[in-house]
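Notes follow the structure.
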Amino acid sequence: MTRNTMEAWIPEEYESSRVIQAINQISAVEALASRIPMGSDTKHVPRTAGMGVDVVAKGGTYGEDTSLNDEVLLTARKMGKAVRIAEEDIDDSVANILDSKMVGWGRSYAKFIDNATLAVSAAENGTTVPFTSLYQLLNTTDATLSYTGGTNITTAASTGVPTYSEFSTAIGLVESGDYFDPGGMVAIAHPAFRKSLRGVVDGQSRPIFNENGAGTPDTIFGVNVRWSLGAKISATATATPTGRPIMAFVNPELLLLGIRSGPESVFIDGRDGLSALTDESILKMRARRGFAYGHPNGAAILVG
């Protein structure tokens, strides 16, 4: 006689959760993005290419808007891992080994989701490239939005040592656009930029980068900086990217993160089924997310 148990996935729901705290501390996208609830695998999110405004005379006719009514598609991708844990390790461990494994996975997931959404250099395929990253979006021509691929990407001439002019050019690409929000704009950058930024000054020898204390964001040109270990270019999504670092100037309202489920976990007891032969239990961890950036003219990237 076989006994099948259908264990429920347990979501991490509370901000006080160590897993949630680890993810929000490390992942800029999870912490800053507009969170879009998803009730199914896909969700269409409306966007607009902008609307005009006319003066309407008393008793006059309103002009009709002819701008594009468009949308972006969020497709939920599952990101997870399973780990086998010997029964002895669970019984003998003073620390909570399951909690430690979940926090460790959460840290890796945080770097993975930032890399997948910001810095992957290949077209979305749903597996090794789960989303169209911001870097890929800005490298792609979209005639319907009047955007030419590469326009909003600035590449430093000297690898690892961007100049004042290159930093200024990158942020200027957003400042001159219709989606610039001086109160909400954020720079998401790999920490590799910190060293080079310390020596960059303007024409009056004033530093463009301000390192602030704990609890206060660092700033560049007055814009808050959020550091992300996932903000390095890579060919596929990874928690350990090795390419050139990027600094992305974004409007968080346009960072659309679809929330289908998770982070969540399920514990499969090793005393049932085939695992009973090895005294090993299995802990599975996952999150299901969708992603899209609302408009290519609303972001710019500096490649360091």
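Scanning region 93-123 for residues that are assigned to a loop (DSSP other than H, G, I, E, B), surrounded by fewer than 21 Cβ atoms within 10 Å (Cβ to Cβ) and touching a residue at least 60 places away in the same chain (Cβ under 8 Å) yields Ser121, Ala122.
Only one of the numbered conditions (1) within 16 Å of the chain's Cα centre (by Cα); (2) in a loop (DSSP other than H, G, I, E, B); (3) among the small types (Gly, Ala, Ser); (4) closer than 30 Å to Glu87 by Cβ is violated by Ala287, and that is (2). Filtered by the rule that a residue be among the aromatic types (Phe, Trp, Tyr) and under 16 Å from Thr236 (Cβ atoms), region 96-141 gives Tyr109, Phe112, Phe131, Tyr135. When you check Glu166 against the structure, is it in contact (Cβ under 8 Å) with a residue 60 or more places away in the chain, charged (D, E, K, R) and over 19 Å from Tyr293 (Cβ atoms), yes or no? In short, yes. Could you go through region 209-228 and let me know if any residue there is at pLDDT 90 or above, out of contact with any strand residue (DSSP E or B) (no Cβ under 7 Å at 6 or more places or on another chain) and surrounded by fewer than 20 Cβ atoms within 10 Å (Cβ to Cβ). Yes, region 209-228 has at least one match.
(1) in contact (Cβ under 8 Å) with a residue 12 or more places away in the chain; (2) among the charged types (D, E, K, R); (3) surrounded by 12 or more Cβ atoms within 10 Å (Cβ to Cβ): which one isn't true of Glu175, the others all being true? The number of the failed condition is (1). Kindly establish whether Lys111 is of a type in the set (Lys, Arg) and closer than 30 Å to Asp269 by Cβ. The answer is no for Lys111.
The values are calculated or read from the model by the stated rules, or taken from the named source; none is laboratory data. From a predicted model like this one, the values you see are computed outputs, not experimental measurements. So basically every Cβ, Gly included, is an ideal-geometry build from the backbone, and we count neighbours across all protein chains shown.
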